[in-house]
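Laboratory data are not the source of any read-out in this text; all were calculated from the coordinates shown. Computed from a predicted model, the values in this text were never measured in an experiment. Quick reminder, even Gly has a Cβ in these numbers, built from the backbone with ideal geometry, and neighbours come from all protein chains shown.
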Amino acid sequence: MKACALLGGPKSAWPADLHEQLQAAQAAGTLLIGVDRGSLLLLELGLVPDLALGDFDSLQDAELRQVTSQVPDIRYSNPVKDDTDSEVMIKAAFCDYHVSQLTLFGATGGRLDHALVNLLTVLQPEFRPWARHIAICDRQNLIHFYTPGVWTVPAAGYPYFGVANLLAVKGLTISGARYNLTRYNGDYPRMFASNEFLPDQTTFQLQLEAGLVAVIYSRDLVRFDHVN
């Protein structure tokens, strides 16, 4: 079973078609999770989450009653705690619901500390086994995490990608892209940005002997300025 989780990040950072994505996912049997204010945001979209969790400190009393009256599985976390709401959610998704894939929405934009928590959680030893099964999606970007191995990485509808080593890496190789990289070794985080898929290719090859990397797909936002 797959899962989608909506966190409390600003709507301006949501994918433009988020409602359609989540509606189709839930209709296909995907587990829908609301994290703190994300639970209310899902209800405002006309979608009832299967699971809502958090300390709910961002909700007014009436808003919390609305969530608790509709969501079948409510889990309260202690506001004075070591784990963030997103970390509690990831544990529940993989340990209790045994999901095979988890996509986070509303996890970027707004407060930078919240965005970094969501990006860097997979580096913690207890979360690292799930890294390959977690994705983060917003209006411009899609992030997947890759562990040691040889991977064929699909374009996923994005024109650009970057590869960031989040841990010390050994033998990081990118081939079949516009800019290739051969057996890079590094002991600090580094971003190999602004790479592109070749015009006649819909994949590139990623090889990693040790470490953990993020593949960050991206697209530019087209803006039109109207002058009267």
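Evaluate the charge dipole of region 145-218 about its Cα centre and quote only its size in Debye, nearest 20, assuming +1 on the Cβ of each Lys and Arg and -1 on the Cβ of each Asp and Glu.
With only Lys, Arg, Asp and Glu charged at Cβ, the dipole is about 100 debye.
Among the aspartates and glutamates, which have Cα under 14 Å from the Cα of LYS170 when same-chain residues fewer than 8 positions away are ignored?
ASP187, GLU209
Determine the gain in length on full extension of the stretch GLU44-ARG219; use 0.36 nm per residue of separation and subtract their C-alpha separation, reporting nm with one decimal.
60.2 nm
Compare SER69, SER86, SER58 in a GNM of the chain, Cα atoms joined below 10 Å, and give the one with the largest fluctuation.
Of the options given, SER69 has the highest mean-square fluctuation.
Taking the Cα-to-Cβ direction at ASP83 and at GLU20 and moving 7 Å from each Cα, how far apart do the two end points lie in nm?
3.6 nm
Suppose we keep just the alpha-carbon trace of region 125-189; what are its Rg and Dmax in angstrom?
My reading of the Cα-based Rg and Dmax gives 12.7, 35 Å.
Write down Rg/Rh for region 74-119, rounded to two decimals, with Rg from the C-alpha atoms and Rh from the Kirkwood relation over Cα pairs.
A ratio of 0.98.
Using a Förster distance of 45 angstrom, determine the FRET efficiency expected from the C-beta separation of SER194 and GLU63, and round it to 0.05.
Efficiency, from the Cβ-Cβ distance: 0.60.
For SER100 and THR203, FRET efficiency with R0 = 25 Å and r from the beta-carbon atoms, rounded to 0.05?
With a Förster radius of 25 Å, E is 0.70.
Can you tell me the convex hull volume per residue for region 140-228, based on C-alpha atoms, in Å³ to the nearest whole number?
Output value, Cα hull per residue: 99 Å³.
Sequence neighbours fewer than 8 away in the same chain don't count; with that in mind, list the aspartates and glutamates whose C-alpha is under 16 Å from LYS2.
Here the aspartates and glutamates satisfying the reach criterion relative to LYS2 are ASP50, ASP96.
Semi-axes of the equivalent ellipsoid for region 2-139, please: Cα gyration tensor eigenvalues, times 5, square-rooted, ordered largest first, whole Å.
20, 17, 16
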